[in-house]
Structures are given as C-alpha cells and as structure tokens.
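Novice: Below are the structure tokens for one structure; questions will follow.
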Amino acid sequence: MVASLLRKINGVWRLVGASLTLLAVSAPAQLPYRVKYPLPTLRPFDGMAVNVRNASVTSTDLQKIAATGFKWVRVDLTWAAVEYVKGSYDWTWYDGLIQNAQANGLRVMFVVNGGNAAYTGSNSTLATTPTGLTGMCNFVSAAVQRYVHLGIMWEILNEPDLTALIAAQY
C-alpha cells in the first residue's frame, strides 16, 4: 500500500517536473521591459550609483559619471520639491534629470524622501499623521505612475532607522 502510494507521488512529481521544464523552454527569456531595463548585476559599476544633489547636477556631471563607467545615478525624489500645493505636482526638474541621464546611458535610482510642509508643517518633518501619510502615499503613487516605464529603481526613505520614525510608522 505504501509502496503504491510512493510510486503515484513519484509519478506526479515527474509530471510536474516535465511540465515546468516545458514551460521554461517555451516561455520567453525575459519580458521586453526587463530586456530594456535589466536589474543590476555583480559586474563592476553595474550596481553602483553616484549620489547627486538635486539642484546641483548638470548634464556635464552626468557625462562624466557615465564616462567613468557607472550605470546609475542616485538622487532624492524630494516630496516638497514636487508638491508645493496639495495634490498638484511639478515634475519638471526630475523629467529633465531622467532625460539627461538616459541620453548619457545612465539609469536613475530615486530615493523617495523628506516631508512636506503642506502636510506636516515642515519640509524636514516626515509624515506620521493619517493626512500626512495619505499625502505621501498619493505622491509616491503619482511618481510611480509617471515613471513606471523608464526603468527607475526605487528606494523608500534613506536610513529610516536614523530618523525619528519608529518601526510601526515605517
């Protein structure tokens, strides 16, 4: 009885294994998006980014970064720099950064960061109230929707353990 059951289980696993092999062979290797925007690898410079300050980075800076062999620039996507008025976003500077980075063969890693005085009373105070958290979520959602097809890598808050946030807030 037990031997018969084990043979059936073994037969099922062989069928599952054959099905998975068939799927792996017949499925496309990667989606077109991932082909265009691959994940970083362990090759030198591929997964390393140069951190740039928002207002100070120039097209010449991006050219020099790319010439050095880096593939990424890391920049704060500062909530207060985009949403001056609740619910209204100005992406102009970030759009230009992405265009310049792509023109130089670089990809962008956004660090979603900062507070917003319209919600928290200060641009340096992170959102912790329901209204502030809703505003932050709306901002992040709008950013992701805007840049979803551009190969952006996202980091949510930089070093949250070094701020006044507690685990439940993060």
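Novice: I'm told P160 meets every condition in (1) modelled with pLDDT under 90; (2) of a type outside the set (F, W, Y); (3) within 17 Å of W91 (Cα to Cα) except one. Can you identify the failing condition by its number?
Specialist: Among (1) modelled with pLDDT under 90; (2) of a type outside the set (F, W, Y); (3) within 17 Å of W91 (Cα to Cα), the lone unmet condition for P160 is (3).
Novice: What number of residues within the stretch 96-122 satisfy the criterion of being open to solvent by 40 Å² or more (accessible area, probe 1.4 Å), closer than 14 Å to G151 by Cα and in contact with a Lys or Arg (Cβ under 9 Å, 6 or more places away or on another chain)?
Specialist: The total comes to 2.
Novice: Hey, another quick one. Out of the residues in the stretch 43-66 meeting the condition of being in a loop (DSSP other than H, G, I, E, B) and among the small types (G, A, S), tell me which one is least open to solvent (accessible area, probe 1.4 Å).
Specialist: Among residues in the stretch 43-66 that are in a loop (DSSP other than H, G, I, E, B) and among the small types (G, A, S), the one least open to solvent (accessible area, probe 1.4 Å) is G47.
Novice: Mind listing whichever residues of the stretch 127-157 are open to solvent by less than 60 Å² (accessible area, probe 1.4 Å), at pLDDT below 85 and either among the acidic types (D, E) or in contact with a strand residue (DSSP E or B) (Cβ under 9 Å, 6 or more places away or on another chain) (or both)?
Specialist: Hit for the stretch 127-157 is L157, nothing else.
Novice: Working only within the stretch 52-79, note down all residues that are under 19 Å from the mean Cα position of the chain (by Cα) and closer than 25 Å to N116 by Cβ.
Specialist: V52, R53, N54, V73, R74, V75, D76, L77, T78, W79
Novice: Another question, if that's okay. Restricting attention to the stretch 113-124, which residues are out of contact with any Ser or Thr (no Cβ under 6 Å at 6 or more places or on another chain) and modelled with pLDDT under 90?
Specialist: Within the stretch 113-124, T120, G121, S122, N123, S124 meet the criteria.
Novice: Answer with yes or no whether R14 is of a type in the set (D, E, K, R) and modelled with pLDDT of 65 or more.
Specialist: No: the conditions fail for R14.
Novice: Test each condition in (1) open to solvent by 50 Å² or more (accessible area, probe 1.4 Å); (2) modelled with pLDDT of 80 or more for L31 and report the one that comes out false.
Specialist: If we test L31 against (1) open to solvent by 50 Å² or more (accessible area, probe 1.4 Å); (2) modelled with pLDDT of 80 or more, just (2) comes out false.
The values are calculated or read from the model by the stated rules, or taken from the named source; none is laboratory data. In this text, all values refer to a predicted model and were calculated from it rather than measured experimentally. Every residue, glycine as well, gets a Cβ built from its backbone with ideal geometry; the counts of neighbours run over all protein chains shown. Side chains included, ligands, DNA and RNA excluded: accessible areas come from the protein's heavy atoms. Shrake-Rupley method; radii C 1.70, N 1.55, O 1.52, S 1.80 Å.
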